[in-house]
1. If 110, 45 are ordered by their accessible area, calculated over protein heavy atoms with a 1.4 Å probe, which sequence runs from highest to lowest?
2. Enumerate the lysines that residue 43 could reach by cross-link, defined here as Cα to Cα under 16 Å, with residues fewer than 8 away along the same chain left out.
3. Restricting things to alpha carbons, find the Rg to Rh ratio for segment 25-113 using the Kirkwood radius for Rh.
4. Considering only protein heavy atoms, what is the solvent-accessible area of residue 94 at a probe of 1.4 Å, reported in Å² to the nearest 10?
Amino acid sequence: MSMNSTIVSGILDLPRGPQGYASKDSAKVTTDDFVYTGFRGEKTTKNVFGNNVTLAFSDVFPAFNGLGISMARLNFAIGGVVLVHSHRTSEVLILVKGSIIAGFIDTNNTVYY
């Protein structure tokens with residue numbers, strides 16, 4: 001696989017800084033740096049919230065290093081919830097099956113759901 005200097009897959013053995021992990025030498029980047037299998041398979045929702053949240057950050061998916069993005073897989077039982085929370089990043093929700101009520105509050109304190 002041919003790589004160039006724009007590949008920033010992280011060296012997870014080194015400390016993480018504000019911009020992510022130190023970047024690997026592009027000659028050492030492999031296909032495995034771009035494969036994340038954590039979203040595969042069945043996920044249990046047998047907890048008080050009726051959900052399962054599987055996260056993919058640069059810590060487990062080196063291809064995200066330095067990009068400031070992450071992904072998450074959420075599985076819900078009927079009536080499952082995610083508690084009200086906040087974060088400084090954008091979210092994209094893709095519903096595969098069923099229906100959900102989701103919302104957010106913008107910087108003017110307007111609520112959308």
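1. Values: 110 55, 45 35 Å².
Result, largest first: 110, 45.
2. Of all the lysines, those that pass the test against residue 43 - Cα under 16 Å, at least 8 places apart if same chain - are 97.
3. Working: Rg = 16.0 Å, Rh = 15.5 Å.
The Rg/Rh ratio comes out at 1.03.
4. Number for this one is 150 Å².
The values are calculated or read from the model by the stated rules, or taken from the named source; none is laboratory data. Everything numeric here is computed off the predicted structure, so don't read it as measured data. Heavy atoms of the whole protein, side chains included, go into the accessibility calculation; ligands, DNA and RNA do not. Shrake-Rupley method; radii C 1.70, N 1.55, O 1.52, S 1.80 Å.
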